[in-house]
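Presented below is the structure to which this report refers.
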Amino acid sequence: NAGVTQTPKFQVLKTGQSMTLQCAQDMNHNSMYWYRQDPGMGLRLIYYSASEGTTDKGEVPNGYNVSRLNKREFSLRLESAAPSQTSVYFCASRGPDRVTEAFFGQGTRLTVV
Amino acid sequence: RKEVEQDPGPFNVPEGATVAFNCTYSNSASQSFFWYRQDCRKEPKLLMSVYSSGNEDGRFTAQLNRASQYISLLIRDSKLSDSATYLCVVNIREGGSYIPTFGRGTSLIVHP
């Protein structure tokens, strides 16, 4: 029962480097989300995808891009990492009904130096 | 102002105590409500959904008051293992989608 799988779990980048965080779910969910969590800030939405082929900005999209590759996969790309992007990143997916809960991946701890 | 507000705590209680957490939401497009639990450096996991009639799961009771836009979580007979951060989550309708929107979390520390 994999659920939502994120890779990598840990990453250290230098300022200006790029990287892609991968996320895949095996629950046949339409909706997928990327959040970042910083101390004292809770989880803030970066981007979401309501269905395959669509993506929308969340609360904190600057500095990020996303790709909904297919129904299973939703990736987050940092084109030019900045120290302010040091955070824990969580991918989540959710079923179609308004009352269904979100399921989370284990998170990626990213440090930008 | 955040759409989902929680008292960050920490709530520091002895084993066996009863503790209550509150959460308020401001968006009238809020459709469904949840409490999640997050352990240190781990992903959030669903604790329980919150229904209009109130619901109970063992030592945990959740209540929803739509008129006051208020959600609560009551934990009875606290255990050491209940120590965690409790996140209030609201699915808010945006266009044709529902966005899980989080409060900042309430930290609970249960001590012997």
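Since every read-out is calculated from the coordinates, none of them should be taken as a lab result. Just so we're clear, the structure is a prediction, and the values are computed from it rather than from any experiment. So basically every Cβ, Gly included, is an ideal-geometry build from the backbone, and we count neighbours across all protein chains shown.
Which residue fluctuates most in the GNM of chain B (Cα springs below 10 Å): B:A20, B:A29, B:A67? Among B:A20, B:A29, B:A67, the largest GNM mean-square fluctuation belongs to B:A67. Taken along the Cα-to-beta-carbon direction at a fixed 7 Å, the label points for A:R109 and A:M27 span 2.5 nm. Can you list the GluC sites (Glu not before Pro) in region B:1-78 that are in a DSSP coil and have 16 or fewer other beta carbons within 10 angstrom? Within region B:1-78, the qualifying GluC sites (Glu not before Pro) (loop, at most 16 other Cβ atoms within 10 Å) are B:E15. Look at the alpha carbon pairs under 8 Å that are at least 6 residues apart: their mean separation over the length of chain A gives a relative contact order of 36 percent. Could you grab the relative contact order for region B:60-112? Cα pairs under 8 Å, six or more apart, rounded to a whole percent. So the answer I get is 31 percent. Mean per-residue shielding of peptide A:93-102 is 5, counting Cβ atoms of other chains within 10 Å of each Cβ. Each listed q (0.10, 0.15, 0.17 Å⁻¹) maps to a log10 I(q)/I(0) for the protein assembly as shown, found by the Debye formula over equal Cα scatterers with no solvent: -0.45, -0.99, -1.22.
Report the FRET efficiency, 1/(1 + (r/R0)^6), for A:E59 and B:N55, where r is their Cβ-Cβ distance and R0 is 30 Å, rounded to 0.05. Working from the Cβ atoms, E equals 0.55.
Our summary gives chain B a relative contact order of 37 percent, counting only alpha carbon pairs under 8 angstrom and 6 or more residues apart.
Per-residue 3J(HN,Hα) values for region A:104-113, derived from phi via the Karplus relation 6.51 cos²θ - 1.76 cosθ + 1.60 with θ = phi - 60°, read 10, x, 7, x, 10, 8, 10, 10, 10, 10 Hz in sequence order (x marks Gly and Pro). Arranged from fewest to most other beta-carbon atoms within 10 Å of their beta carbon, A:T111, B:T24 become A:T111, B:T24.
Partner shielding of B:92-103 amounts to 6, given as the average count of beta-carbon atoms from other chains within 10 Å of each residue beta-carbon. For peptide A:107-113, the mean count of partner chain Cβ atoms within 10 Å of a residue's Cβ comes to 1. Charged neighbours of A:I46, selected by a Cβ distance under 9 Å, balance to +2 (K, R count +1; D, E count -1). Taking the number of Cβ atoms within 10 Å of each Cβ as an exposure proxy, the fewest-first ranking of B:V19, B:V50 is B:V19, B:V50. Panel order for B:C40, B:C23, A:C91, by other beta carbons found within 10 Å of each beta carbon, from fewest to most: B:C40, B:C23, A:C91. Highest mean packing comes first when the peptides A:39-52, A:13-26 are listed by Cβ atoms within 10 Å, giving A:39-52, A:13-26.
Between A:R77 and B:N22, the simple spin-label model (points 7 angstrom out along Cα→Cβ) gives 4.7 nm. What is the distance, in nm, between label points placed 7 Å from the Cα along the Cα-to-Cβ direction at B:H111 and at A:R98? So the two model labels end up 4.5 nm from each other. Taking Cβ atoms as reference points and 14 Å as the exclusive limit, the residues near B:S30 contribute a net charge of +1, counting Lys and Arg as +1 and Asp and Glu as -1.
Residue-wise HN-Hα couplings along region A:47-53, as the Karplus relation 6.51 cos²θ - 1.76 cosθ + 1.60 with θ = phi - 60° gives them from phi, are 8, 9, 9, 6, 6, 4, x Hz; Gly and Pro carry x. Working note: Karplus 6.51/-1.76/1.60 with θ = phi - 60° gives region B:96-101 the couplings x, 10, 10, 10, x, 10 Hz, where Gly and Pro are set to x.
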